Amino acid sequence: QVQLVESGGGSVQPGGSLRLSCAASGNMLNIYSMGWYRQAPGKQRDLVATIASGGSTNYAESVKGRFAISRDNARNTVYLQMNNLKPEDTAVYYCFATQSSRVYWGQGTQVTISS
């Protein structure tokens with residue numbers, strides 16, 4: 001089992017920045033990829049960014065150039081630096097981790113972009 005705890009959400013104005021953190025604990029063997037999805041009200045959950053154990057990253061087109069994902073393996077923590085935030089980035093952000101054939105999810109953290 002893997003437990004994921006997100007932090008760092010909040011409310012900022014357009015153009016602002018936030019950094020999300022996702023701390024993993026439990027059985028950390030064979031964790032392949034970690035990352036973030038987001039879900040806006042009334043919409044499906046969409047991929048935001050992923051980072052593999054080797055460090056390769058993948059981003060949704062809508063966040064490329066604005067968001068950066070990083071991973072601290074010593075702390076079992078993944079970060080999502082979000083810059084130049086837009087109202088359409090408003091959503092609940094969920095951390096995930098893949099281990100063998102299983103996917104684990106965090107509880108989600110709200111990000112609200114509003115003037």
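The values are calculated or read from the model by the stated rules, or taken from the named source; none is laboratory data. Since the model is a prediction, treat every value here as computed from it, not as a measurement. Neighbour counts run over all protein chains shown; Cβ positions are idealised from the backbone, glycine included. The protein model used for the area step is the full one, side chains on, heavy atoms only, and it has no ligands, DNA or RNA in it. Shrake-Rupley method; radii C 1.70, N 1.55, O 1.52, S 1.80 Å.
A few notes on this one:
- Across the range 28-38, the qualifying residues are those that are touching a strand residue (DSSP E or B) at 6+ places or on another chain (Cβ under 6 Å) and open to solvent by 60 Å² or more (accessible area, probe 1.4 Å), and the one among them that is nearest to Thr112 (Cα to Cα) is Tyr37.
- Test result for Gln107, open to solvent by 50 Å² or more (accessible area, probe 1.4 Å) and in contact (Cβ under 8 Å) with a residue 12 or more places away in the chain: yes
- For the residues Ala97, Ala74, Ala68, the requirement of being assigned to a strand (DSSP E or B) and without any contact (Cβ under 8 Å) to a residue 24 or more places away in the chain singles out Ala68.
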